[in-house]
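The structure appears right after this line, and notes come after that.
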Amino acid sequence: MAATPDRMIVLGIPPTRPETGFGYIEGTGEPLRSQGLPVFAVKRFTEKPEQAIAQQYLDSGKYQWNAGMFFWRVSTFLENLKKYVPKTVDALEDLAKHIGKSTYASKLKTIYPKLENISVDYALLEPATRQQGAPQVYVIPAEIGWSDIGSWAAVYELLAKSEGENVLAGAGQVIDGQGNFLWSPKKFIAAIGVRDLVVVETPDALLICPRDRAQDVGKIVKWLEQNKRNDLT
């Protein structure tokens, strides 16, 4: 699929839960087949959704998680760079003239801060899905055991050997509880009658939240930044 000129391919991870911390890819139409695998034209990319929207995505069966793994011909990539981010291409072509020369490091230092700070999803794939004509972007659902380990819930899923297991990173005991992730390297944790919690201790702070809201730790980080709590690590 990726060897075909003008096509950009993304691996999509079949979602297993209404995850609010990942981007999603919506496939559309009847699938093509490549070596026995279904390949869908991409209708759109969506950003991290609210819980209710994530549940709708999961129930529809049309969405995959965006794992950020892309495949394309070099020529296709360069053509799309020129089409969608021409200023970046101009800057890189300028830099290319200095490769292998003593001026390269200083030229890179000058050019790099001026480049647009944008991901390849935003820069190329999303605008390509909005173009008229034949589809350019395709998604292949890929069950490959992927996880970005981007939250404490993801760490729990990686470490738990069975459903409902309590995972403790340090000394502790759980009575009449299940599905908890308890991280306290220096203190003994005793938990009674609780389930699906994340508890993480650092030297100067303690995080407590339901496991299914572990992605919301970012809200606390923003609050700390807004209130200039630079004393907390």
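The values are calculated or read from the model by the stated rules, or taken from the named source; none is laboratory data. Owing to the predicted nature of the structure, the values given are computational and were not obtained by experimental measurement. Every residue, glycine among them, receives a Cβ derived from its backbone with ideal geometry; neighbour counts consider all protein chains shown. With ligands, DNA and RNA removed, areas are computed over all heavy atoms of the protein, side chains included. Shrake-Rupley method; radii C 1.70, N 1.55, O 1.52, S 1.80 Å.
With the requirement that a residue be of a type outside the set (A, V, I, L, M) and crowded, with 16+ Cβ neighbours inside 10 Å, what does segment 31-43 give you?
PRO31, PHE40, LYS43
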Of the residues in segment 120-147, those that are in contact with a Leu (Cβ under 9 Å, 6 or more places away or on another chain), part of a loop (DSSP other than H, G, I, E, B) and more than 13 Å from LEU11 (Cβ to Cβ) come to GLN136, SER147
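If you go through segment 142-154 one residue at a time, how many are open to solvent by less than 30 Å² (accessible area, probe 1.4 Å) and in contact with a Phe, Trp or Tyr (Cβ under 9 Å, 6 or more places away or on another chain)? Steps first, answer last, please.
Taking segment 142-154 first, the residues open to solvent by less than 30 Å² (accessible area, probe 1.4 Å) are 142, 151, 153-154.
Okay, now just the ones that are also in contact with a Phe, Trp or Tyr (Cβ under 9 Å, 6 or more places away or on another chain), so 153.
Total meeting the criteria: 1.
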A careful count of residues in segment 17-53 that are among the aliphatic types (A, V, I, L, M) and not in a strand (DSSP E or B) gives 2
Exactly one of GLY150, GLY164 is assigned to a loop (DSSP other than H, G, I, E, B), farther than 25 Å from MET69 by Cα and small (Gly, Ala, Ser), and that residue is GLY164
Checking THR28, THR46, THR20 in turn, the sole residue that is surrounded by 14 or more Cβ atoms within 10 Å (Cβ to Cβ), touching a helix residue (DSSP H, G or I) at 6+ places or on another chain (Cβ under 6 Å) and β-branched (Val, Ile, Thr) turns out to be THR20
Within segment 1-57, the count of residues that are of a type in the set (Ser, Thr, Tyr) and closer than 15 Å to ASP121 by Cβ comes to 2
Scanning segment 204-233 residue by residue, the ones that are open to solvent by 90 Å² or more (accessible area, probe 1.4 Å), within 26 Å of GLY177 (Cβ to Cβ), more than 19 Å from the chain's Cα centre (by Cα) and touching a residue at least 24 places away in the same chain (Cβ under 8 Å) total 0
The residue from PRO127, PRO135 that alone is in contact with a helix residue (DSSP H, G or I) (Cβ under 6 Å, 6 or more places away or on another chain), farther than 20 Å from THR16 by Cα and open to solvent by less than 90 Å² (accessible area, probe 1.4 Å) is PRO127
*Test LEU182 against the stated conditions and say whether it is of a type outside the set (D, E, K, R), part of a helix (DSSP H, G or I), in contact with a Leu (Cβ under 9 Å, 6 or more places away or on another chain) and surrounded by 16 or more Cβ atoms within 10 Å (Cβ to Cβ).*
no
Output for Cβ contacts, cut-off 7 Å, separation at least six or different chains, first residue more than 14 Å from LEU108 (Cβ to Cβ) in segment 81-93, second crowded, with 16+ Cβ neighbours inside 10 Å and among the aromatic types (Phe, Trp, Tyr), reads none
